[in-house]
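Following: one structure in structure tokens, then a few remarks.
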Amino acid sequence: MTTMLASDSGTASPVSVDDFRWLPTRAGLVNVWQYTEEILEFERGRLVLYGPNGSGKTMALELLLPHLLDAKGLPGRLSTSGADRGGLWDRVSGYDEGEPRTGYLWLEFALDDERTFTAGVRLRAKPSGGGDKHWFTTPRRVAIDFSLLDEHRRPLSVEQLTEAVGAEGRVWGSDTSGYRQAIRTTLFPGWSDDRLDALIRTLLVVRKQNVTDGLSPTRLSDLLSEALPPLDDLELGRVADGFA
């Protein structure tokens, strides 16, 4: 899709809508599941992963999106198929019970050649179960401006991470409200919380359908309808009063 902008000469020239929105450019997994340090590169906001079954394609995508947009790691939101594939901490540790492990997940977006935005989370799995999360945002670029591993190839501590993201970056603890606000106001300026939630809800519903498994216009319509938020009782009352 394109739009027309007037140039200095007064003539209109087509400009892609991509010029006005943040596009994902890279993503990474550090010491999570069976990944030591993996960087995935997008092409104009798109990413295709291919490989044999069991190589971790689905696992990587489930850990990254929409997890890093809504900061919610519930099993039902992680699994694309709805099947029980383990919780967040199972995925961090790789099902190695009793083994403490620290890892990172991150996503990078770009608005143009100069403006970038990186969002991610530091995950510390505890031997007793569960763990700690520290979310972060920064205009700096992982593996270019800073590393998530120290000189001994160990994941950064919280203190080291705070220093690495720089003065313009921010690290949050278990309270995700600040992180979610940074995501919304940076990547989706002008959006409300409800609008962002609706987008993520749509993503969660639509991704359950395998494109090779009978995806028809009718099925797509049903999926999108399923993703619609419930109608507000107050609004329903107003409509009912209008009919009455």
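The values are calculated or read from the model by the stated rules, or taken from the named source; none is laboratory data. Quantities reported herein were computed from a predicted structural model and do not represent experimental measurements. Note that we place each Cβ from the backbone using ideal geometry, even for glycine, and neighbour counts take in every protein chain shown. Remember, those area values only see protein heavy atoms, side chains included, never the ligands or the DNA or RNA. Shrake-Rupley method; radii C 1.70, N 1.55, O 1.52, S 1.80 Å.
Any idea how many residues of region 187-206 are in a helix (DSSP H, G or I) and either in contact with a Leu (Cβ under 9 Å, 6 or more places away or on another chain) or free of Cβ contacts under 8 Å to residues at least 40 places away in the same chain (or both)?
Keep residues of region 187-206 that are in a helix (DSSP H, G or I), which gives 187, 193-206.
Among the residues that remain, those that are also either in contact with a Leu (Cβ under 9 Å, 6 or more places away or on another chain) or free of Cβ contacts under 8 Å to residues at least 40 places away in the same chain (or both) are: 187, 193-196, 198-203, 205-206.
Residues that pass the stated criteria total 13.
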Worksheet, complete the sentence: Checking Trp135, Trp172 in turn, the sole residue that is in contact (Cβ under 8 Å) with a residue 24 or more places away in the chain, in contact with a strand residue (DSSP E or B) (Cβ under 7 Å, 6 or more places away or on another chain), open to solvent by 30 Å² or more (accessible area, probe 1.4 Å) and among the aromatic types (Phe, Trp, Tyr) turns out to be Trp172
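Filter region 58-71 for residues that are open to solvent by less than 40 Å² (accessible area, probe 1.4 Å), among the aliphatic types (A, V, I, L, M) and in contact (Cβ under 8 Å) with a residue 40 or more places away in the chain and give the result. I'd like the intermediate steps shown before the answer.
Start the filter on region 58-71 by keeping residues that are open to solvent by less than 40 Å² (accessible area, probe 1.4 Å), which leaves 59-60, 62-64, 66-71.
Now narrow it down to the ones that are among the aliphatic types (A, V, I, L, M): 59-60, 63-64, 68-69, 71.
Within region 58-71, Leu63, Leu64, Leu68, Leu69, Ala71 qualify.
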Fill in: Failed criterion for Glu163 (all others in (1) of a type outside the set (Lys, Arg); (2) assigned to a helix (DSSP H, G or I); (3) open to solvent by 90 Å² or more (accessible area, probe 1.4 Å); (4) at pLDDT below 95 hold)
(4)
Worksheet item: Filtering region 144-160 down to residues that are open to solvent by less than 60 Å² (accessible area, probe 1.4 Å) and assigned to a loop (DSSP other than H, G, I, E, B), which residue is farthest from Arg101 (Cα to Cα)?
Response: Ser147
Worksheet entry | Test: residue in region 42-57 that is out of contact with any helix residue (DSSP H, G or I) (no Cβ under 9 Å at 6 or more places or on another chain), in a strand (DSSP E or B), modelled with pLDDT of 85 or more and open to solvent by 60 Å² or more (accessible area, probe 1.4 Å) | yes
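Scan Leu123, Leu88 and give me the residue that is touching a helix residue (DSSP H, G or I) at 6+ places or on another chain (Cβ under 8 Å) and closer than 30 Å to Asp222 by Cβ. Break it down stepwise before answering.
Details: Leu123 fails: closer than 30 Å to Asp222 by Cβ.
None of the other options fit; the residue is Leu88.
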Item to complete: Scan region 175-222 for residues that are on the phi > 0 side of the Ramachandran plot and at pLDDT 90 or above and report the count.
Response: 1
